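No lab work stands behind these numbers, since they all come straight from the coordinates. Predicted, not measured: the structure shown is a model, and the values here were computed from it. Please note: Cβ atoms are built from the backbone with ideal geometry, for glycine as well, and neighbour counts cover all protein chains shown.
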Amino acid sequence: MQNIKSLPKVYFNNLDALRFLAFLSVFVSHVALFLGYESNNHSFNFIKKVFLVHGDLGVNFFFVLSGFLITFLLLTEKDNSKNISLPHFYLRRILRIWPLYFLTLFLGFFVIYPIALKSGINFPFLITESYSSLPWYIFLGANIKMAFLGTGSVVLAVLWSISIEEQFYLIWPTILSFVSKKNIIKVLLVIIGASFLYRFYYYDNYSIVKYSTFSVMSDLAVGALVAYATMYSNFLFKTIKNCPKYVIFSIYIIGFVLIPLRTFLPIFSHGYLYRFLYSFEPLLFSIFFAFIILEQNMADQSLVKLGRFKVLNYLGVRSYGLYCYHMIAIFFTFYIFHLFGISLVNHNFLIYISEIIVAFLLAVIFSLTSYRFFEKRLLALKEKHGYKNKLS
């Protein structure tokens, strides 16, 4: 049996940059929603509603990417070692995910919340969270709590997506260990279909559709399906590799046009048509995101390879920290501006832009500090227990 530490290196050059852009979409959405800017300008309100608040798609992209990368790594290990070392896999996941997850959890419950209470500030977003909900977060069920019991602190709310990924990591490696290679596609198609039916059934409950494990699992399954096809389908590989530039451009145009158009879905569709389209929408975008992942790493005629931009790569490596800390940064932005006597619930667009800049810089500072003095040491330990790569 091949030692797991001797397995080949696996790295996709452009995915770090994509990680950062996915985070950026989440950040833009959250500063538009939570920094308190209000305007009587109907044009700005239209732009905000149609173009700025699609951060949920950034999270969906993360899910597709996670499904792709984790499945690719696990199948690579299975092909080379004839099995999957579950203890090594779970140890790597724990070292990568848990420290920052539980640090964010600690900060949200025991630092941010007390500061907010003592400040006496009337924050324009919810910062409180009942301590009775702490077990949901500790046992990685934040998304279940949000789906069925409602949301609480916005600082802690970001942990819902991490909970879903951890639930996926708990089950999927075991399935891959025991399911034969020829049946993996069948399993993934069943997951995708069941997830669609689940959304179709709960279409009128926003929280369940957005946060429930069964609802969003199709994103991870699409990523896993693409990873499988990438490894074992020469047709897919050749199709993407030789895809003409005009086809790539056309797919990008269609995908990015569909993003603002989703805002108008309730207006132009009703009844069962709306129910079907609303349930199908996440699957459509997950396929688009899967195309982006493949195009960036396999196409010979890409419009641009994002990995060329060093700053995107640099920040992309630290995107997990950016994601976990950015709501904390938004909280402290509001707090700092308030200390200087500047109300964030205002009609001053220049102050609003200043808030966004400060929030972004704080998020970067927090994530860089965390990565340098906290995460990097644990990542070095993780390298001793698996692939030497930048994927996981």
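Based on the alpha-carbon gyration tensor of the chain, what equivalent-ellipsoid semi-axes (square roots of 5 times the eigenvalues) come out, in whole Å, largest first?
Square roots of five times the eigenvalues give 34, 26, 21 Å.
Working from Cα positions, state the angle (0 to 90°, nearest 10) between the long axis of helix 213-232 and the longest principal axis of the chain.
For helix 213-232, the angle is close to 40 degrees.
Sort Ile356, Ile164 so the one with the fewest other Cβ atoms within 10 Å of its own Cβ comes first.
Fewest to most other Cβ atoms nearby, the residues stand as Ile356, Ile164.
Here is the link list: Lys145/Lys186; Lys48/Lys376; Lys210/Lys238; Lys48/Lys210; Lys49/Lys118; Lys245/Lys310. Which ones come out longer than 26 Å on Cα distance?
Table pairs above 26 Å Cα-Cα are Lys145/Lys186; Lys48/Lys376; Lys210/Lys238; Lys49/Lys118.
Can you give the Rg to Rh ratio of region 255-331, both from alpha-carbon atoms, with Rh computed by the Kirkwood formula?
Radius of gyration relative to Kirkwood radius: 1.10.
By count of other Cβ within 10 Å, fewest leading, how are Val53, Val311 ordered?
Ranking Val53, Val311 by Cβ neighbours within 10 Å, fewest first, gives Val311, Val53.
Order 86-99, 181-194 from most to least packed using the mean count of other Cβ atoms within 10 Å.
With the highest mean Cβ count within 10 Å placed first, the list reads 86-99, 181-194.
List Leu220, Leu284 from most exposed to least, where exposure is judged by having the fewest other Cβ atoms within 10 Å.
Lowest count first: Leu284, Leu220.
Cα convex hull of region 188-335: mean projected area in nm², to one decimal?
Result: 11.6 nm².
Within region 290-315, list the residues whose amide N lies under 17 Å from a label point set 7 Å along Cα→Cβ of Lys241.
Hits in region 290-315 for Lys241 at 17 Å: 294-302.
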